[in-house]
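Working notes for the structure below.
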Amino acid sequence: MSAETGRQFLDTNVLVYAHDTSAGDKHVQAKQLLAELWSNGNGCLSIQVLQEFYVIITRKVSRPLEPEIARQRVEDLGYWLIHSPTPEDVVEAIRLHQSSRLAFWDAMVLISAGKLGCQLLWSEDLNAGQTLAGVTIKNPFA
């Protein structure tokens with residue numbers, strides 16, 4: 001699916017779709033992308049994405065995962081390259097948020113992706129094709 005090389009960052013929505021069996025075609029596509037990133041070792045996440053994933057997949061989808069299964073998924077994903085934001089990263093995200101029309105949390109995801117050296121961010125929620133903070137956004141479902 002991705003046919004991309006280099007480090008690639010997954011936004012929370014794509015990670016949730018990969019585990020949400022009620023998401024239809026998006027589940028299939030996101031699961032395939034996740035498998036490719038596991039296979040090639042190019043997957044990247046942030047602490048924020050892991051936190052959001054756990055809450056959403058255990059509470060906000062129509063077929064939530066059991067908390068213990070979700071915990072194991074988070075533990076497994078901990079083998080990926082993970083960004084732990086610093087206070088300076090938060091300030092940088094605030095600046096990006098203030099200079100663009102991005103929500104703060106989306107700006108934080110972009111800053112995290114950039115800090116990990118990702119040139120690509122997979123997200124359904126942001127403008128596909130746009131490059132912000134040195135990271136190009138791509139929609140895996142488009």
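None of the figures in this text is laboratory data; all of them are computed from the coordinates on show. This structure is a prediction, so every number in the text was calculated from the model and none was measured. So basically every Cβ, Gly included, is an ideal-geometry build from the backbone, and we count neighbours across all protein chains shown.
Protection proxy ranking of 42-55, 5-18, 95-108, 66-79, by the mean of other Cβ atoms within 10 Å over each peptide's residues and highest first, is 5-18, 42-55, 95-108, 66-79.
Pairwise Cα separations in the chain fall into 5 Å bins from 0 onward with the following percentages, short to long: 2, 11, 21, 24, 21, 14, 7, 1, 0.
In this structure, the residue pairs whose Cα-Cα separation is over 18 Å, taken from K26/K60; K60/K138; K26/K138, are K60/K138. Evaluate E = 1/(1 + (r/R0)^6) for A103 and D25, where r is the Cβ-Cβ distance and R0 equals 25 Å; express this FRET efficiency to the nearest 0.05. Taking R0 as 25 Å, the efficiency between A103 and D25 is 0.45.
Using C-alpha pairs below 8 Å separated by at least 6 residues, the relative contact order for the chain is 28 percent. For the range 13-34 and the range 126-142, compute the distance between their C-alpha centroids and round to whole Å. Cα centroid to Cα centroid, the span is 18 Å.
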